[in-house]
Amino acid sequence: MAQDTIFAKIVAGEIPVEILAETERVIAFPDIAPQAPVHILVIPKSTEYENVVELAAGDPETLAEMVSVAKQLAEKHGNGDFRLLFNSGATVGQTVFHVHAHVLAGDLKENSLVGA
Ligand code: 5GP
């Protein structure tokens, strides 16, 4: 279970961010260290899930909502195409253990999975 993460503080309004999208269950805001021309994080407001595997098992509707919000953001901030990335586990680069989708868009380098 995710608990005291930086994203929990963002959801609680303790750390200000520019909210780019909000629904009953999710919020989206720019990544502080963008790796692509468009790099937005979409996260559930719930602090219950550490990674996408837990979320898919425990609350698939919220996962579907995150995908839908990602699509809307890609349309608003780019041409509608996007890459959706979930790091799941520290050894592949997950640093915040509150499930989040990276929405990457813009002119991503052809051979880079992360668009960096
Ligand atoms: P991860 O590496 O866990 O998949 O992704 C965590 C992401 O959160 C990183 O891309 C990092 O730049 C971003 N991040 C970490 N702290 C903050 C913060 O305080 N504000 C924002 N907007 N993004 C953050």
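Both radii come from the Cα set of the stretch 14-116: Rg as radius of gyration, Rh as Kirkwood radius; their ratio Rg/Rh reads 0.94. Take every Cα pair under 8 Å whose residues are at least 6 apart in sequence, average their separation, divide by the length of the stretch 1-97, and the relative contact order is 26 percent. Summed over the residues of the chain and divided among them, the accessible surface reaches 56 Å² per residue at a probe radius of 1.4 Å.
When a 1.4 Å probe is rolled over the protein heavy atoms, the share of accessible surface on the chain that falls to carbon and sulfur comes to 53 percent. Local charge for VAL69 was computed over the other residues whose Cβ lies under 14 Å away, with Lys and Arg +1 and Asp and Glu -1, and equals -1. Along the axis of the charge dipole computed for the chain (Cβ charges of +1 for Lys and Arg, -1 for Asp and Glu, origin at the Cα centre), the listed residues THR62, ALA105, VAL52 are led at the positive end by ALA105. Applying 1/(1 + (r/R0)^6) with R0 = 22 Å to the Cβ-Cβ distance of LYS71 and ASP107 gives a FRET efficiency near 0.70. Overall, the chain carries a charge dipole of about 220 debye about its Cα centre when +1 sits on the Cβ of Lys and Arg and -1 on the Cβ of Asp and Glu, all other atoms neutral.
Here's the picture: charge each Lys and Arg Cβ at +1 and each Asp and Glu Cβ at -1 in the chain, and of ILE43, ALA12, GLN72 the one pushed furthest to the positive end of that dipole is GLN72. Give the angle, between 0 and 90 degrees and rounded to the nearest 10, that separates the Cα long axis of helix 60-77 from the longest principal axis of the Cα atoms of the chain. The answer is roughly 30 degrees. Between amide H atoms placed 1.01 Å from N, distances below 5 Å from ILE27 occur with ILE43, LYS45, all of them 5 or more places distant or on a separate chain.
The values are calculated or read from the model by the stated rules, or taken from the named source; none is laboratory data. Predicted model only: the values in this text are computed from it and were never measured. When we count neighbours, we look across all protein chains shown, and the Cβ atoms used for this are built from the backbone with ideal geometry, even at glycine. Please note that ligands, DNA and RNA were not included when accessible areas were found on the heavy atoms of the full protein model with its side chains. Shrake-Rupley method; radii C 1.70, N 1.55, O 1.52, S 1.80 Å.
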